[in-house]
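To keep things clear, I will list the structure first and then write my remarks on it.
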Amino acid sequence: MAGMRVGVVFGGRSVEHLVSVRSARTVCDGLRAAGHEVVGLYVDESGCFRDGPASQGVIEAQRALAPTGEPPTRALRHLLEAAVDVVFPIVHGTYGEDGTLQGLLEMLDLPYVGCATAASAVAMDKLLSKRLFAQAGIPVVPYAAVTRGEHARHGLGGVQAFVDAEALPLFVKPAVGGSSVGCVKVKNKAALADAVAFALRFDDVVLIERGVVAREVEIAVLGADAATMQASVPGEIVPGGDFYDYADKYLKDDAKLLAPAPVDAATTTALQQAAIAAMGAVGGAGLARVDFFLLTDGRWFLNEINTLPGFTSVSMYPRLWGLSGVPLPQLCDRLVQLAVERKRHRARIDDALRAFVAGAAVGTA
């Protein structure tokens, strides 16, 4: 594929803003090394796109810009005027990874890297995605869900049977969110009510999950659809604390990344197949990092799927593909190719729909 003009959208309104800024630098380097022209498109913490020079300054300085106070709708001109051929979004978390940005790009008829709107939204919702994984036969950690309305009317009454049947610890987390924000490890059932109330500050649905003693193993996937998806070698996160929480991810430097992970061949194959199946279950395409819990007895559970994983110089997704024989420039180029191919496929479907409607209209005339 000839070099294209690629807009790298980064920053955003989530708590992962600065991780996105660091990811953008890696993605820009990879795209340029692959022969593409790169246009940085920074989204500040108020949701406003910024112009090219300001965006490049953020990438070089690796720090956020103060919001201008301009309405996001007016700042959209910077995306429209960039005249890019394809967009590489690397906005992690809410308002970037949850289908909202993807929907905007669909409306603008711009091809973009990564999962489409519906898959992005479903993958971001832990409750919906768990239901789809279970339906596809992929093991997930046993859980119960509490909505804000149910909690207001009945407290924990609706999940009491689950709580009573489970041993400690339990994990409480918002159904939608990232970076382990709102996630609490409950070691005393008397503390459960407070943990649920805390998690409800960040979302309208809360999950209560069985605590498992397990290794955290990750697989990177890449491809147009589940039929052609490829899976990387596994990596492992070794938390510095009780679990891989917000502080461990962003405030401390105690966690260790093992790549490749010391996982036997049979388990590696099983996790790779499950990672591809997980993408199929949510209708995903392009890229994702799929996270698993690996128990000491050899059993495993799928934890979650991340459709726009970190792309920093030390992030698992590009590291795992590098170890799997796909260096960063080739990886970035392949993702751009997949975006363009999907846009062409979508255009063919749109043409078929228009032709069908036109033919039906003639037939009823």
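Based on the Cβ-Cβ distance of residue 295 and residue 345, what FRET efficiency does E = 1/(1 + (r/R0)^6) give at R0 = 30 Å, to the nearest 0.05?
Computed FRET efficiency for residue 295 and residue 345 comes out at 0.15.
For residue 300, what residues show an amide H to amide H distance below 5 Å, using hydrogens built from the backbone and excluding near sequence neighbours?
So residue 300 has HN proximity to 295.
With r defined as the distance between the Cβ atoms of residue 153 and residue 256 and R0 fixed at 45 Å, what FRET efficiency is calculated, to the nearest 0.05? Please list the in-between numbers first.
Details: r = 44 Å, r/R0 = 0.98.
Result of the calculation: an efficiency of 0.55.
Helix by helix, which DSSP H runs in the chain go 20 Å or more along their axis at the Cα atoms and have an average Kyte-Doolittle hydropathy of 0.5 or more?
Working: long enough: 17-33 (24 Å, 0.20); 265-282 (26 Å, 1.07); 328-364 (54 Å, 0.00).
The qualifying helices are 265-282.
Could you tell me which of rounded, prolate or oblate describes segment 143-210, using a ≥ b ≥ c as the square roots of the eigenvalues of the alpha-carbon gyration tensor, with rounded for a/c under 1.5 and, failing that, prolate when a/b is larger than b/c and oblate otherwise? Don't skip to the answer; put the middle values down first.
Details: a/c = 1.70, a/b = 1.12, b/c = 1.51.
Oblate, because a/c is 1.5 or more while a/b does not exceed b/c.
Would you order 28, 332 from fewest to most other beta-carbon atoms within 10 Å of each residue's own beta-carbon? Mind dumping the intermediate values first?
Working: 28 24, 332 28.
Ranked by crowding around the Cβ, least crowded first: 28, 332.
Quick one: plug the Kirkwood hydrodynamic radius of segment 69-192 (C-alpha pairs) into Stokes-Einstein at 20 °C, 1.002 mPa s, and report D in µm²/s. The partial results should precede the final answer.
Numbers: Rh = 17.5 Å.
So the translational diffusion coefficient is about 122 µm²/s.
Among the listed pairs 130/343; 173/343; 130/185, give every one whose C-alpha distance is greater than 27 Å. Spell out each step's value before the answer.
On the way: 130/343 29 Å; 173/343 36 Å; 130/185 19 Å.
With Cα atoms farther than 27 Å apart: 130/343; 173/343.
Among bridges DSSP assigns within the chain, what percent are antiparallel (round to 5)?
That works out to approximately 75 percent antiparallel.
At residue 107 and residue 76, where each label point lies 7 Å from the Cα along Cα→Cβ, what is the point-to-point distance in nanometres?
My value for the distance between the label points is 0.5 nm.
Please work out how much length the chain gains when fully extended from residue 201 to residue 18, using 0.36 nm per residue of separation minus the C-alpha to C-alpha distance, in nm with one decimal. Don't jump to the answer; show the numbers that get you there.
Numbers: separation 183, 0.36 × 183 = 65.88 nm, distance 2.27 nm.
Residue separation times 0.36 nm, minus the Cα-Cα distance, leaves 63.6 nm.
Can you tell me the alpha carbon radius of gyration of segment 5-122 divided by the globular rule-of-thumb value 2.2 N^0.38 Å? Each step should come with its number before you reach the end.
Working: Rg = 12.8 Å, N = 118, 2.2 N^0.38 = 13.5 Å.
Relative to the rule-of-thumb radius for its length, segment 5-122 sits at 0.95.
May I ask you to derive the relative contact order of the chain, considering only C-alpha pairs under 8 Å and at least 6 residues apart, and to give it as an integer percent?
18
Suppose the chain between residue 269 and residue 63 were pulled fully straight at 0.36 nm per residue; how much longer would it get relative to their current alpha carbon spacing? Write out the running numbers ahead of the final one.
Values: separation 206, 0.36 × 206 = 74.16 nm, distance 3.99 nm.
That works out to 70.2 nm of additional length.
Which whole-percent values make up P(r) of the chain when all C-alpha to C-alpha distances are grouped in 20 Å steps starting at zero?
Answer for the chain: a P(r) of 28, 56, 15, 1 percent.
Would you mind ranking 50, 77 by Cβ crowding within 10 Å, fewest neighbours first?
Values: 50 22, 77 12.
Ascending number of Cβ neighbours within 10 Å: 77, 50.
Relative contact order, percent, of segment 5-122 when contacts are C-alpha pairs under 8 Å separated by at least 6 residues?
On the way: 225 pairs, mean separation 36.3, N = 118.
Computed value for segment 5-122: 31 percent relative contact order.
Relative contact order for segment 143-210 using alpha-carbon pairs under 8 Å, separation at least 6, rounded to a whole percent? Walk me through the intermediate numbers first.
Numbers: 111 pairs, mean separation 29.5, N = 68.
Contact order relative to length: 43 percent.
For residue 57, what is the net charge nearby, where nearby means another residue's Cβ is under 13 Å from its Cβ and Lys, Arg count +1, Asp, Glu -1? List each step's numbers first, then the result.
Numbers: positive: 25, 50, 63; negative: 44, 51, 60.
That works out to 0.
Read the figures in this text as sums done on the coordinates, not as results from a lab. Source: prediction; values computed, not measured. No Cβ is skipped: glycine too gets one built from the backbone with ideal geometry, and neighbour counts run over all protein chains shown.
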